[in-house]
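What follows is one structure encoded as structure tokens, with my remarks underneath.
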Amino acid sequence: MSRIAIFSTAYLPLIGGAEIAVKEITDRIPGVEFDLFCARLRKELPKTERIGRVNVFRIGRGRSCDKYLLPFLGARLAAALAGKNGGYDLIWAIMASYGGLGALFFKLRHPNTPLLLTLQEGDSEEHILKRVGIFYFLWKKIFTKADYIQAISGYLADFGRRHGAKCPVEVVPNGVDISRYTRIRSALQNTQIHAEKSNFLYSDITYKIRGACFKVWKNFQGSFKESIIECALKEELMNHGLLVETQKQIPVYYNNKKVGVYVPDMIINDKIVVELKRKPTLTKEDEKQLWLYLKGSVYKVGLLINFGSKKLEIKRRIYDLAGNSSAHIGVSPKAQNLRLSASTTIITASRLVKKNAVGDIVEAMRYLPESVKLLILGDGPEEHSIKSRISNLKLENRVSLPGAVPHGELPKYLAEADIFIRPSLSEGMGNSFIEAMAAGVPVIGTPVGGIVDFLRDPSANPDETPTGLFCRVRDPQSIAEKVILLLKD
């Protein structure tokens, strides 16, 4: 059986384009034993484990500084295993980084073992060279000692050649399993079609709301005033990753003339109206009132929740013809030129680091209609800064940041989104764009790095099939303009 030694700075469950690529590739190569050496980085990660077809060996004590140990201790451990198991048939370096240095050190001790270097770098060349600093002479050897280089974009192929690659360099982009994304979107569409004929519209959101209500009920037992319960419930709903708007004034129009306002207690994900009560029991009049609210609005589903009874009461009502009567709520005549749906969800999925410029999307929300919401999936060192920006701009009701989600659940989130945005400052390729495209979600990106290999903006490439829109780098207003363009399309 063939054996391959893989050197990567990080590996699953830490998620990035490189880690996903390694998992997808190794799963598709039978009859090969893979040993992967990476930095441990987190204490909760085991030192050794098997993930799919890969034996994972993590170096260090679970700290960020483990990456500095990887080139030395990783190469030493690989050499020891090679001595026991008869050597390796191939060394595979994932990026010219700490893992790449580990592969280089192993290559220097085993010069007859071929070295494959995969370039997946997402940082700018300027940032990489600044980090390399005085060790450039050593870092450059990763390229000069490689026997073959595979780059995920033309930009990275040129990057490798500029820094000394003498071997063949081939561009092989990352890919995605399209069936995972199209299958879920198709299932979601079928579910929604069926739900509109039944009482299970937005059942996933309703399930989360019910769970949040029961948790608040368990803690409070209806002992506090409605205002306190409302605040606690809002907090719990946001913990469930839901977008919550409270006491929102929605204008009521009759024959295109504003005749008043409707103020529901909560609107969840701009799809479900929630009315809170604290009384001995719900009455038919309460239910009728909720039904009339739905009848005169763009919303189809309402929840009537009573925290004042001996047991938590939740009544669910649906109005299939909401918005079709002459009286309607929240849609001014001017706004009807944008989009007919109740809301638009922008999604971005990435590490919260400076080069992904997620803060620029938050800033762009200032220039977009209230009906546009933003869902940020991911975590990282910029998380605190982004949350502060959301708070400073008073966008808590429009921007949700539930954190990182398992990669296997990403297709579900993309299937419910309307627009994907990542206004990158630099990008090797950008797996997230390809995943969004596979899910059928329109994408907006910046013309940097490897993005230009696959994203074709009709204004910049009029003779080619369009695949997305470009916004300007570090320009939130440009992002908003592209969103408006998609809304009007």
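The values are calculated or read from the model by the stated rules, or taken from the named source; none is laboratory data. None of these values were measured; they are calculated from a predicted model. Heads up, the Cβs are rebuilt from the backbone with ideal geometry, glycines too, and the neighbour counts pull from every protein chain shown. For accessibility, only protein heavy atoms count, side chains too; no ligands or nucleic acids. Shrake-Rupley method; radii C 1.70, N 1.55, O 1.52, S 1.80 Å.
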Quiz prompt | Conditions (1) within 16 Å of Ser426 (Cβ to Cβ); (2) out of contact with any Lys or Arg (no Cβ under 8 Å at 6 or more places or on another chain); (3) at pLDDT below 95; number of the one not met by Ala151 | solution = (3)
Exercise. State whether one or more residues within the stretch 23-34 are more than 27 Å from the chain's Cα centre (by Cα), under 24 Å from Ala151 (Cβ atoms) and of a type in the set (Val, Ile, Thr).
Key: yes
Quiz prompt | Test result for Gly62, open to solvent by less than 20 Å² (accessible area, probe 1.4 Å), in contact with a strand residue (DSSP E or B) (Cβ under 6 Å, 6 or more places away or on another chain) and either in a helix (DSSP H, G or I) or of a type outside the set (A, V, I, L, M) (or both) | solution = no
Practice problem: Could you list, in sequence order, all residues of the stretch 445-489 that are of a type in the set (A, V, I, L, M, F, W, C), within 18 Å of Ser371 (Cβ to Cβ) and surrounded by 22 or more Cβ atoms within 10 Å (Cβ to Cβ)? | Solution: Ile479, Val483
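Among the residues that make up the stretch 135-143, is at least one of them in a helix (DSSP H, G or I), open to solvent by 10 Å² or more (accessible area, probe 1.4 Å), closer than 24 Å to Ile20 by Cβ and free of Cβ contacts under 8 Å to residues at least 60 places away in the same chain?
no
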Exercise. Report yes if some residue within the stretch 148-163 is in a helix (DSSP H, G or I), open to solvent by 50 Å² or more (accessible area, probe 1.4 Å), within 15 Å of Tyr98 (Cα to Cα) and among the hydroxyl-bearing types (Ser, Thr, Tyr); otherwise report no.
Key: no
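Give the residues of the stretch 294-315 that are modelled with pLDDT under 85 and more than 14 Å from Tyr262 (Cα to Cα), sorted by residue number.
Let us first name the residues in the stretch 294-315 that are modelled with pLDDT under 85, namely 294-300, 309-312.
Correct list: Lys300, Ser309, Lys310, Lys311, Leu312.
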Self-check item: Residues located in the stretch 441-475, provided they are out of contact with any Ser or Thr (no Cβ under 7 Å at 6 or more places or on another chain), in a loop (DSSP other than H, G, I, E, B) and in contact (Cβ under 8 Å) with a residue 12 or more places away in the chain
Solution: Val441, Pro442, Pro447, Asp457, Ala460, Thr467, Gly468, Arg474, Asp475
Quiz item: Would you pick out the residues in the stretch 82-100 that are in contact with a Lys or Arg (Cβ under 9 Å, 6 or more places away or on another chain), open to solvent by 20 Å² or more (accessible area, probe 1.4 Å), of a type outside the set (Ser, Thr, Tyr) and under 20 Å from Ala10 (Cα atoms)?
Solution: Leu90
